[in-house]
Amino acid sequence: MAGVGGSGADKRLLIVGWDGADWDILNDLSARGCLPHISSLIESGARGVLQSVIPSHSWAAWPTFLTGEDPPGHGVFDFVERDPARPGMRLPVTSASIKAPTFLEYLSEAGREVRVGNVPVAYPPIPVNGKMISGVAVPPGGEFVHPLDWAPELERRAPFPVNGLEWMNYEHDPESLLEEARQLIEQRTASFEVLLEGDWDTAACIYVEPDRLQHAFGAYLLPSHPDHEKLAASKLGESLRDVYRLLDACTERLVRAAGPETAVILMSDHGFRPITRQLDLNRLLKHLGFASGARSATATTALRRSSAARLLKRTKVAAPLRRKVKMPSTLDWSRTRAYKATTGGGLSLNLKGREPHGIVEPHDYEKVRSELSAALLEYVDPESGERPIAETFARESLYEGPFLHLAPDLFVKAGELWGMSSSSQGDGLSSYTRWPTGRHRRAGIIVAHGPHVAPGDLGVRHLRDIAPTALAFHGLRAPSSAGSPIQEISGSSGHEVTVSPIRDSRRQSELTNEEQQQITDHLRDLGYIE
Ligand SMILES: [Zn+2]
């Protein structure tokens, strides 16, 4: 096997990611006998909770997996590039947006051979020592394989399908969504098996299907949803469990492809919880007097979704202008003190000197943020009599890091069974939801198994611990990291070699305007952006 000297030079680590996997779902599926292979990994291995980041969505979470840093350490807080000076900017986040080195690059620098399959936010591919297939979102025709000259072989032997499962469009045809999920899992497993051929030291293969299905079918899968018992007993509930049976069998195929001496980590980037109602945060901000809509807000929204989008697709803008492309705003900035800044409950103040049309004076920052927080926490939904917002967090109370200034000013956490969305039906501030019925939560999963793994309860660990664990497993340590190695998995040699700092080797994102629009469309169909 490839690799330089030192401890751990001949050990192999396979990380399998199930995007959005949650213990409430896995325990229920295990009890029904749907996950025989995962259940046996758990029985003879170690298990624990893997705590995700805030905001706990995939675009902030996977960069934390890759870098071992919290969002202020890698700079990704949303699905689109976030810059308070340009609050209307709609440039999709890519691997070039991740502003910290990844463990894949450190392993590559140390001469280790890596394999990477379908990690989200890793397009364009990171030039690792080894092979890589990029994960969502990939523009059609984009070069998503590294090295480029391996692409024809992959295409010939096991073509990798990019993107897919745009679940927002399938409410009236759910069986087709399940059929697509089964096909994608089969095809991607075949691609992963080709990827895992030959010598390598660390591999990471990610399945995003659980996330997509759990958004759409949370009520069928999460026992704490009030309709779970009835829906789980339905034919659709059974078809859904078949997808997880397939996923379990495919995960076993990857474990087999990696070989019996390989340590295996099964993990998720966040967990899932059920929802029955959705709150429209933008409308609530207007209702509470913190934001004001532009005069023709409805017309502007419609325009953004149709003709403006089509026009943008057709427009060929010169490269320097591309970075200035932005979609029309629905807010009247001259009367807006706070706005929804990111997916996953991130709000920002319209701060003078920072936002282009800022109206909140810097000396009023704390006062306005406290008023906003109090108003949100006190708000009672008239229809249900419930408080939709359970908690709020000032950004500096959660995190520190070089890119904290890119974070929203206030994070809000929804109450139990509440989701936050801008697409809630009707004109009200909130509405009952049948689709989606699942939303992210921080508590994800980790299972570890292998010849060097100490079995037992891992307790609560953090997503940022995976990258340092993968490095320590090979006797290496990053120059700095917010996370710590999980020693039950990495072994506790204490003699890790600190790798040298590396320069950002990633390709700058050179997406055309059309590619940006295609990625944005895909993210919208996944329900992540408006
Ligand atoms: Zn995710």
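Relative protection proxy for 383-393, 12-22, from highest mean packing down: 12-22, 383-393 (other beta-carbon atoms within 10 angstrom). Once backbone amide H atoms are built at 1.01 Å from N, ILE275 has GLY438, ARG439 as its partners under 5 Å, excluding neighbours fewer than 5 places away on the same chain.
Over the range 19-115, what is the mean sequence separation of C-alpha contacts under 8 Å (at least six apart), divided by residue count, expressed as relative contact order in percent? Can you show the working numbers first?
Details: 75 pairs, mean separation 16.7, N = 97.
Relative CO of the range 19-115 lands at 17 percent.
The string of couplings for the range 368-385 from the Karplus curve (6.51, -1.76, 1.60, θ = phi - 60°) is 5, 5, 5, 4, 4, 4, 5, 5, 5, 5, 7, 5, 10, 5, x, 6, 9, x Hz, one whole number per residue in order, with x for Gly and Pro.
The charge dipole of the chain, taken about its Cα centre with unit charges on the Cβ atoms of Lys, Arg (+1), Asp and Glu (-1) only, comes to about 1540 debye. Shape class of the chain from the alpha-carbon gyration tensor: prolate, with a/c at 1.5 or above and a/b greater than b/c. What are the aspartates and glutamates whose alpha-carbon lies under 14 Å from the alpha-carbon of LYS340, with same-chain residues fewer than 8 places away excluded? Answer for LYS340, where 14 Å is the Cα cut-off: ASP78, ASP83, ASP280, ASP332, GLU355, ASP409, GLU530, listed by chain and number.
Each peptide in 141-154, 240-253 was scored by the mean count of other Cβ atoms within 10 Å over its residues; highest first, the order is 240-253, 141-154.
Can you tell me the relative contact order of the range 425-493? Whole percent, Cα pairs under 8 Å, sequence separation 6 or more. Relative contact order comes out at 30 percent. Calculate, for SER370 and HIS495, the FRET efficiency according to 1/(1 + (r/R0)^6) with r their C-beta to C-beta distance and R0 56 Å; round to the nearest 0.05. After rounding to 0.05, the efficiency reads 0.70. Computed extension length for GLU179-ALA85: 29.5 nm, one decimal, from 0.36 nm per residue of separation with the Cα-Cα distance subtracted. Within the straight-line cut-off of under 13 Å between alpha carbons, the aspartates and glutamates reachable from LYS230 are GLU238, sequence neighbours fewer than 8 places apart in one chain being disregarded.
Here, each number is a calculation from the coordinates, and none is a lab measurement. Predicted, not measured: the structure shown is a model, and the values here were computed from it. Cβ sites come from the backbone with ideal geometry, for glycine too, and all protein chains shown count toward neighbours.
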